[in-house]
Amino acid sequence: MSLDTRAAVTVGRKTNDVHITKSTTSDKVVGGVSHVVLALWSLVVILPLVWTIIGSFKTTKEIFKSPFGLPAQWNFDNYVTAWVGNNFGGMFLNTVIVVGFSLFFVMLLGAMCAYVLARFEVPGSRVVYYLMLAGLTFPVFLAIVPLFGILQNIGLLGTLPGLIVVYVAYALPFTVFFLYSFFKSLSYEIQEAAYLDGASEWRTFFQVMLPMAKPGLAAIAIMNFLGLWNQFLLPIALNPNKDNYVLSQGMASFASSAGYSLDFGAMFAAVIITIIPVLIIYILFQRQLQGSVSQGTSK
Amino acid sequence: MTISGPGVSGAELDTAAVTAPRTGRRKAPRAGLPRKLTPDYISFLAVFFVLPVALFLVFVIWPFIQAVYVSLTNWTGFSPNMSFVGLDNFVRLFQDSAFMQAMANNALLAVVVPLVTIVIALLFASLITVGGPSHGQVRGLRGSTFYRVVSFFPYVIPAIVIAILWNMIYAPSGLLNGVLGVFGIDTNQFAWLGDQRTAMAASIFVMVWGMVGFYMVLFIAAIKGIPAETLEAARIDGAGRFRTVTSIMLPQIRDNVQTSYIYLGIAALDAFVYMAGLNSTGGPNNSTLVMSQYLFRTAFEKGQFGLATAMGVVLAVLSLAFAGIVMLVFRLIGGKDEGGRS
């Protein structure tokens, strides 16, 4: 950064402040160069994905022959091999179960906890707030070995419920932080009104406050979904049981099991199977997702 | 940190850090009535507060605390016995050449990955935001939505899939050698990850590939948050695009850059997912071995839980130290900037 600033002082271009109405040559040059640079990067991003999609329809022999050739026959053999033969179907199901339950519970518990922290005077809430901050800051690697021991002790090691509990616990701090500011900004009058109408604390939350926090809930749910679906360290450390594998760890074990002699076609298909759900979510919620990234910074 | 793994961590930390402080906008009237300990209120607190906090304490905070103790023992994980060995584990670590190599690799990653990612992300963000015509309002490039949507996409792909995908791209008969072949460069089936000279650079590129889009979007948002009048004024004063970016935009989004630097650095100190997918064994001559990988192997393959946890402690200390150094450096730079201008 310091370099940049210095460069600016010495270079200080004195162009294009004269022409007011139409595009200048330098505009065209800058625009053209920008488009070329960004288009090149887009290509670097898209090409591997296109290559993967095409590769998932090719036989391994075809893949080795040429990286660009189209498959002689477009069929779903690789997908069948991956889904059935390599049990990616089972892993897909496990992932859906684990992510589904974790997402539900982390949203519920996160919203409840954020609500209490933001709107009630509970002894210890300050401490909890700072502990959550610490939970966000420290690397999970520090906790991973003791966590293994804890799960072993309570008999949840290598089970889906165990994984769900851990996912919820580790996604909780971020969820609480995000929703904290949402609940803080909601109107107190409405809460009062609910009490006056005789609503219990429970009812006030579920029927009055929670619906008002919907935009925040949606944003955080999308981010949590991606984070949980893509989670890797926790499952490979805490879920050694092959029957309970989730997709991310299944991918890793499949890739490392055979090295270069791997069934590339099935591997490509497995990659696509793993990506499809996040791709759909991305396409559907692209706007909200980039919005919530912005939200964090623009204020 | 929905759990350190994928690129998500950056976003999450970020939002939390930024949204959290701006809470006291309105003093809470403490919801009127003093709360009586009715059954309703007690059950409410038990479920809404005690339950999530207990879960968090047991599975997040307690392991962190335990880690400090475990790192001072010779626990093997297979037996419940552990005896206290003091700082032996740490002494062993600093005499272990593989661990020192891993630490050096992490240091390299922590310097290079954030730098390259942020420079590229800033460049793209600037092109998109000031690449438009130089007359009238400061406008962005046409069609920038497309670039934004495409570059952001790697952020949502699981990091392990990114790593495995690039593993295949770098393979002897993979996409990279194929593309180079099209341009007439015969690489002779070069194994990019199998050669000590290229393995680390190739791995760094993958991490950058995975993260640039996210930080680009983040910087674009930050730049858009700069008041239009400021940019307008700069333009009227005769600042060109380059000058606008370096003298107006960069100082305004300094905090975002600093935060991004810290998250990227911490991600690079971890780097586990990427390295596990690219070179699960640590690469030729351990040239891409990172501490997290070594930790994982020590714990879950060799069962040396005490030693592995000591590595975790080192990793945590380094992460905090890294964040501290970055903040210090940015403060020093910032101080100079302001001094020069006033």
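Some observations on this one:
- Selection within segment A:43-59: residues that are at the interface with chain B (Cβ under 9 Å from one of its Cβ atoms) and not hydrophobic (A, V, I, L, M, F, W, C). The member of this set that is farthest from A:Ile272 (Cα to Cα) is A:Pro48.
- Residue that is of a type outside the set (Gly, Ala, Ser) and closer than 23 Å to B:Phe300 by Cβ, where the choices are A:Leu172, A:Leu147, A:Leu179, A:Leu226: A:Leu147
- Scanning segment B:86-118 for residues that are over 28 Å from B:Ala202 (Cβ atoms) and in contact (Cβ under 8 Å) with a residue 40 or more places away in the chain yields B:Asn89, B:Phe90, B:Arg92.
- The condition of being among the small types (Gly, Ala, Ser) and buried (at least 16 other Cβ atoms within 10 Å of the Cβ) holds for only one of A:Ala218, A:Ala237, that being A:Ala237.
So that you can scan it fast, the table gives a plain yes or no per residue for (1) at the interface with another protein chain (Cβ under 8 Å from one of its Cβ atoms); (2) surrounded by 24 or more Cβ atoms within 10 Å (Cβ to Cβ); (3) modelled with pLDDT under 95:
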{"site": "A:Val99", "(1), (2), (3)": "no, yes, no"}
{"site": "A:Phe105", "(1), (2), (3)": "no, no, no"}
{"site": "A:Ala118", "(1), (2), (3)": "yes, no, yes"}
{"site": "A:Gly124", "(1), (2), (3)": "no, no, yes"}
{"site": "A:Tyr129", "(1), (2), (3)": "no, no, yes"}
{"site": "A:Met132", "(1), (2), (3)": "yes, yes, yes"}
{"site": "A:Thr137", "(1), (2), (3)": "yes, no, yes"}
{"site": "A:Val140", "(1), (2), (3)": "yes, yes, yes"}
{"site": "A:Val145", "(1), (2), (3)": "yes, yes, yes"}
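- The lone criterion from (1) part of a loop (DSSP other than H, G, I, E, B); (2) more than 18 Å from B:Ile220 (Cβ to Cβ) left unmet by B:Arg142 is number (2).
- Selection count where residues are modelled with pLDDT of 90 or more, among the small types (Gly, Ala, Ser) and closer than 26 Å to B:Val150 by Cα, scope segment B:178-211: 4
- Pair list, Cβ < 7 Å and 6+ apart or interchain, from segment A:27-53 residues that are without any contact (Cβ under 8 Å) to a residue 24 or more places away in the chain and under 11 Å from B:Gly131 (Cβ atoms) to residues that are surrounded by 17 or more Cβ atoms within 10 Å (Cβ to Cβ) and among the aromatic types (Phe, Trp, Tyr): A:Leu38/B:Phe124; A:Leu38/B:Tyr147
- Of the helices (runs of 4 or more DSSP H) that lie entirely inside segment B:154-225, those containing 3 or more residues that are in contact (Cβ under 8 Å) with a residue 40 or more places away in the chain span B:159-170, B:196-224.
- Within segment B:58-74, the set of residues being surrounded by 17 or more Cβ atoms within 10 Å (Cβ to Cβ), at the interface with chain A (Cβ under 8 Å from one of its Cβ atoms) and not small (Gly, Ala, Ser) comprises B:Phe59, B:Val60, B:Ile61, B:Pro63, B:Phe64, B:Gln66, B:Val70.
- Inspection of segment B:303-320 identifies no residue that is touching a residue at least 40 places away in the same chain (Cβ under 8 Å) and away from every other protein chain (no Cβ under 11 Å).
- Test: B:Gly140 is surrounded by 17 or more Cβ atoms within 10 Å (Cβ to Cβ) and more than 8 Å from chain A (Cβ to nearest Cβ): yes
- Of the residues in segment B:303-321, at least one is farther than 22 Å from B:Val116 by Cα, of a type in the set (Ser, Thr, Tyr) and surrounded by 23 or more Cβ atoms within 10 Å (Cβ to Cβ).
- Selected residue (only one of B:Leu295, B:Leu328, B:Leu318 is closer than 18 Å to B:Phe99 by Cα, out of contact with any Phe, Trp or Tyr (no Cβ under 8 Å at 6 or more places or on another chain) and at pLDDT 90 or above): B:Leu318
- Selection status of A:Gln288, more than 10 Å from chain B (Cβ to nearest Cβ) and either among the polar types (S, T, N, Q) or more than 30 Å from A:Val145 (Cβ to Cβ) (or both): yes
- Complete set of residues in segment A:230-245 that are closer than 21 Å to A:Pro139 by Cβ and either more than 7 Å from chain B (Cβ to nearest Cβ) or touching an Asp or Glu at 6+ places or on another chain (Cβ under 6 Å) (or both): A:Pro235, A:Ile236, A:Leu238, A:Asn239
- Residues being crowded, with 17+ Cβ neighbours inside 10 Å, of a type in the set (Asp, Glu) and in a helix (DSSP H, G or I) are represented in segment A:196-203 by at least one member.
- Looking only at segment A:147-161, residues that are more than 17 Å from A:Leu131 (Cβ to Cβ), in contact (Cβ under 8 Å) with a residue 40 or more places away in the chain and either of a type in the set (S, T, N, Q) or crowded, with 24+ Cβ neighbours inside 10 Å (or both) come to 1 in all.
- Residue match in segment A:185-195 (condition: surrounded by fewer than 19 Cβ atoms within 10 Å (Cβ to Cβ), under 20 Å from B:Phe49 (Cα atoms), facing chain B (nearest Cβ under 7 Å) and not small (Gly, Ala, Ser)): yes
- The residues of segment A:216-249 that are touching a residue at least 12 places away in the same chain (Cβ under 8 Å) and over 18 Å from the mean Cα position of the chain (by Cα), listed by number, are A:Ala237, A:Leu238, A:Asn239, A:Pro240, A:Asn241, A:Asp243, A:Asn244, A:Tyr245.
- For A:Ala111, the conditions (1) on the phi < 0 side of the Ramachandran plot; (2) loosely packed, with under 15 Cβ neighbours inside 10 Å all hold with the exception of (2).
- Test: residue in segment B:109-118 that is of a type outside the set (D, E, K, R), at negative phi and at pLDDT below 90: no
- Being over 30 Å from A:Met112 (Cβ atoms) and free of Cβ contacts under 8 Å to residues at least 60 places away in the same chain holds for only one residue in B:Ser83, B:Ser71, B:Ser126, B:Ser43, and it is B:Ser83.
The values are calculated or read from the model by the stated rules, or taken from the named source; none is laboratory data. In this text the structure is predicted, and so the values were computed from the model without any measurement. Because the Cβ atoms are built from the backbone with ideal geometry, glycine has one as well, and the counts that use them run over all protein chains shown.
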